[in-house]
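Student: Before we start, here is the structure in question, set down as structure tokens.
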Amino acid sequence: MLAPFLWSSSVVNLTLPFLGLPTAERENDELAEYGLSAREVIGGIVDAVVVEEYPNYPKGPSVLLLRKDKSGSPVHVVWGILKGYNKPGVLLTAYRPDSERWDENFIKRR
């Protein structure tokens, strides 16, 4: 069983203006391609589970999370912390995982 996403409680600052993330009125183009909003992606972080951790990523530690959108469909979200810092966590990307590349639970790569 996957652990709930606890990383956020200590390092992820979810203040939209501080992170420079778009508000509900100004959708991020990349998220919009998948029918997602930054507010929706960030709002679901509490229920996310860790899929993969990348503690040694060259640009700073990051984590891939799985969460469900409002309709129950899977969404992968990547959060990271810039190298040399311990906060804030920033939303790097979010996307709808491809069922051809992930198992039926969208947890393990095929």
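The values are calculated or read from the model by the stated rules, or taken from the named source; none is laboratory data. Because the structure is a prediction, the values reported are computed rather than measured. Cβ placement follows ideal geometry from the backbone for every residue including glycine, while neighbour counts extend to all protein chains displayed.
Student: Are there any pairs, at least 6 apart or on different chains, whose C-beta atoms fall under 7 Å, with the first in the stretch 80-96 and over 17 Å from GLU53 (Cβ atoms) and the second surrounded by fewer than 15 Cβ atoms within 10 Å (Cβ to Cβ) and aromatic (Phe, Trp, Tyr), and if so, which?
Tutor: Correct list of pairs: PRO88/PHE18.
Student: Same structure, new question: Of the conditions (1) modelled with pLDDT of 90 or more; (2) loosely packed, with under 11 Cβ neighbours inside 10 Å; (3) not hydrophobic (A, V, I, L, M, F, W, C), SER99 fails just one. Which one is it?
Tutor: The one condition SER99 does not meet is (2).
Student: Name the single residue that is surrounded by the fewest Cβ atoms within 10 Å (Cβ to Cβ) among those in the stretch 30-66 being closer than 15 Å to TRP102 by Cβ and touching a residue at least 40 places away in the same chain (Cβ under 8 Å).
Tutor: Among residues in the stretch 30-66 that are closer than 15 Å to TRP102 by Cβ and touching a residue at least 40 places away in the same chain (Cβ under 8 Å), the one surrounded by the fewest Cβ atoms within 10 Å (Cβ to Cβ) is VAL49.
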